[in-house]
Amino acid sequence: LQNEVDKGSLSDRRIFELAAQQSNRESVAAAEIELRDKLVQRLAQKLESRDSELASAEYTVQKVEGQVEELCRVQRREDVNLDYLKSIVVQYLSKPPGSSERAALLPVLATLLQFDDSDYDAIETGKANLSWWGSIVPKEIAAPSLPPAAAPPSRPTHLQF
């Protein structure tokens, strides 16, 4: 082929030179495209890896924020005046079940003890223990047993709610 090109006219040789240059440009362009595709693929893998790291970090932040919230609630509980809390609990227990006075004391207890959603759910479940007639199904709560000499004589040994 080279012999024929050398024997051909000047214009034929020029056409073959141009064709060779075009072929070189196309192969260079194809190599550049392949290189860019590999680079894009590597960047996509890095982006996917970073997205995974970001999701993990966000999950960790949410978990730590929950722990901080719980610790703040515990701190507020520790600041509660126990004498005041005792007074509210005694008032609550001394009121008849289902009374408006008892219902009014429940938000006070909830605030003092920093109730969360699970506490409110437990209260609602307890309300389901109401009998068909509207009274609470009685449950006995036994007082702690004390040696006979230490037990005060005038206190009942169990309460009924």
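Take segment 81-124 and flag every residue that is within 20 Å of Leu71 (Cα to Cα), under 28 Å from the mean Cα position of the chain (by Cα) and not aliphatic (A, V, I, L, M). Scanning segment 81-124 gives Thr111, Gln114, Phe115, Asp116, Asp117, Ser118, Asp119, Tyr120. Only residues that are in a helix (DSSP H, G or I) and open to solvent by 40 Å² or more (accessible area, probe 1.4 Å) were counted across segment 106-117, and they come to 5.
The values are calculated or read from the model by the stated rules, or taken from the named source; none is laboratory data. Note that the structure is predicted; figures quoted are calculated from it, not measured. When the accessible area is computed, the model is the full protein with side chains, heavy atoms only, and any ligands, DNA or RNA have been set aside. Shrake-Rupley method; radii C 1.70, N 1.55, O 1.52, S 1.80 Å.
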